[in-house]
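These notes are about the structure you will find just below.
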Amino acid sequence: MRRPDLTVLAIPAFFGAMAAEYLWQRRHPAPPGTRRAGDYELADTMASLTMGVGSLVAPFVAERLLDPVTPGGGRYAKVLMGAAVVTTAATSVADVVRRHRAGSLPQTGTLPTAPPRVGGPGRVTGGMAVAAVASTALTVATTWSAQTSGTRLFGTTRRDLGTGVLANAVAILGWDAIYYWNHRLNHECRWLWAMHVVHHSSEHYNLSTALRQPVAEGLTMSVPYGLLALVGVRPSVIENARALNLIYQFWIHTEAIRSIGWLENVLNTPSHHRVHHGSNSRYLDRNHGSILIVWDRIFGTFEKEDEPVVYGLTTNIGTHDPVTIATHEWRALAGDVAAATTWRDRWSHLLRGPGWVASTP
């Protein structure tokens with residue numbers, strides 16, 4: 001029988017902590033006529049809780065949907081790979097035709113009456129480009145996930161640290177280090193940001209924000225936590241490290257705790273994580289750590305909280321609709337890929353930072 005996930009067992013504690021935070025806010029109200037970002041707002045809180053439930057259901061849905069198209073075992077894997085090849089080839093041909101038409105020369109002895117038009121790729125070509133990029137990315141993501149799972153990698157090594165203190169310490173510290181890089185990449189690669197942006201979409205900041213989790217991780221890639229299996233950490237211990245990491249991150253989503261003293265130098269705290277959720281220019285893409293803040297200090301992404309935090313996105317979406325919260329950046333990404341006229345720009349939209357734009361020819 002499969003053991004229950006520790007994060008699921010912690011749900012009553014999550015709600016208890018949220019209730020305590022709400023009561024604290026009632027006893028310490030904001031000055032009249034002012035808005036405090038940490039205060040609960042029903043629509044925002046319900047959106048966060050809905051996304052939290054969705055994040056619990058999503059892995060089971062993704063497993064059913066993605067397993068059949070995963071290369072190496074899925075019965076429809078060749079269909080997905082074939083779609084990637086066909087749409088890539090068709091888009092490339094359409095690109096050549098479009099450039100040929102746009103760059104045709106005038107007849108000898110005449111002058112062009114207007115400059116050549118080099119417009120967008122058109123609906124058909126744009127749609128094929130989106131299909132090509134999406135099917136290729138999905139093929140890579142599913143293959144990577146299958147080949148780097150903890151269960152698979154643990155079966156390739158003779159190392160076994162067991163389930164004692166050492167194994168758990170290695171798992172927790174190792175997960176924390178890998179998490180830093182994955183979290184950083186989630187902010188520096190638009191493909192990953194389209195998934196992660198869900199967590200940053202609220203303009204409020206309280207414990208319910210911690211539960212606003214993404215639902216599309218199966219469509220992206222990550223530095224594999226399964227690497228821990230190669231040093232002898234059992235998959236079950238890796239899973240416990242994941243749960244403890246997520247449980248720790250819950251309490252840092254609050255404005256009620258301003259500082260925890262000297263531990264601020266070592267641990268990720270509410271103060272450090274408020275910075276991470278800020279849309280202030282100096283706070284963007286800072287403080288990616290989970291349990292420890294030392295990774296940010298080592299790799300140059302640490303920023304101290306020294307000005308009021310403005311929560312949310314640089315361009316907020318202005319809705320509490322869960323479907324929009326989950327899909328708005330994917331739709332924007334697809335639109336940019338469809339409008340791009342070269343493969344370099346299409347893949348740049350996917351793989352470069354969220355703020356990247358194609359240069360004007």
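Which values of log₁₀ I(q)/I(0), to two decimal places, follow from the Debye formula for region 125-282 at q = 0.12, 0.19 Å⁻¹ with a uniform point scatterer at every Cα?
Listed by q, the Debye log ratios stand at -0.65, -1.26.
Going by average Cβ density within 10 Å per residue, which order do the peptides 76-86, 246-256 take, highest to lowest?
Details: 76-86: 15.5, 246-256: 18.3.
Most protected by this proxy first, the peptides run 246-256, 76-86.
What whole-number value in cubic angstrom gives the convex hull volume per residue for the C-alpha atoms of region 1-56? Don't jump to the answer; show the numbers that get you there.
Working: hull volume 4.6 nm³, N = 56.
Looking at region 1-56, the number lands at 83 Å³ per residue.
Could you order peptides 269-282, 199-212 by the average number of other Cβ atoms within 10 Å of their residues, highest first?
Values: 269-282: 19.6, 199-212: 23.2.
The densest-packed peptide leads the list: 199-212, 269-282.
Over the chain, one equal point on each Cα, no solvent: what is log10 I(q)/I(0) by the Debye formula at q = 0.08, 0.10, 0.11 Å⁻¹?
Debye intensities relative to I(0), on a log10 scale: -0.48, -0.72, -0.86.
Strictly greater than 18 Å: what percent of every Cα pair in region 188-257 meets that?
Of the Cα pairs, 54 percent sit more than 18 Å apart.
For Arg352, which sequence-distant residues (separation of 5 or more, or a different chain) have an amide H within less than 5 Å of its own amide H, given hydrogens modelled in the peptide plane?
Residues meeting the criterion, in which the H sits 1.01 Å from N, are Arg190.
For Glu63, Glu21, give the ranking by accessible area with the largest first, probe 1.4 Å. Could you put the intermediate results ahead of the total?
Details: Glu63 105, Glu21 15 Å².
So, going from the largest accessible area down, we get Glu63, Glu21.
Dividing the convex hull volume of the alpha carbon atoms of region 238-328 by its residue count, what do you get in Å³ per residue?
Working: hull volume 12.5 nm³, N = 91.
Per residue, the Cα convex hull of region 238-328 comes to 137 Å³.
Given contacts defined as C-alpha pairs under 8 Å and at least six residues apart, what's the relative contact order of the chain, whole-number percent? Can you show the working numbers first?
Numbers: 508 pairs, mean separation 81.4, N = 361.
Worked out over the chain, it gives 23 percent.
Mind jotting down the distance between the C-alpha centroids of region 243-268 and region 121-145, whole Å?
39 Å
Using a 10 angstrom cutoff on alpha carbons, build the Gaussian network for the chain and name the most mobile of Ala17, Ala334, Ala194.
Ala17
Can you name the helices of the chain, as whole DSSP H runs, whose Cα span along the helix axis is 18 Å or more and whose Kyte-Doolittle mean is not below -1.0?
Membrane-span-like by this rule: 11-27, 42-66, 77-102, 122-147, 165-188, 235-250, 322-339.
Please state the charge dipole magnitude for the chain, taken about the Cα centre, from unit charges on C-beta atoms (+1 on K and R, -1 on D and E), reported in debye and rounded to the nearest 20. Walk me through the numbers on the way to the answer.
Details: 32 positive and 26 negative charges, 200 e Å.
Dipole of the chain, to the nearest 20 debye: 960 debye.
Which length gain, in nm to one decimal place, applies between Trp343 and Thr34 when the Cα-Cα distance is subtracted from 0.36 nm times their residue separation? Numbers along the way, then the final one.
On the way: separation 309, 0.36 × 309 = 111.24 nm, distance 4.92 nm.
Gain on extension, Trp343 to Thr34, equals 106.3 nm.
Can you give me the solvent accessible area of Glu305 with a 1.4 Å probe, rounded to the nearest 10 Å²?
In the full protein context, Glu305 sits at about 40 Å².
First measure r as the distance between the Cβ atoms of Ile257 and Thr156, then evaluate 1/(1 + (r/R0)^6) with R0 = 41 Å and state the FRET efficiency to the nearest 0.05.
Numbers: r = 43 Å, r/R0 = 1.06.
Calculated value: 0.40.
The values are calculated or read from the model by the stated rules, or taken from the named source; none is laboratory data. Please read these numbers as outputs of a predicted model, since none were measured by experiment. Every residue, glycine among them, receives a Cβ derived from its backbone with ideal geometry; neighbour counts consider all protein chains shown. Note: areas computed on protein heavy atoms with side chains; ligands, DNA, RNA excluded. Shrake-Rupley method; radii C 1.70, N 1.55, O 1.52, S 1.80 Å.
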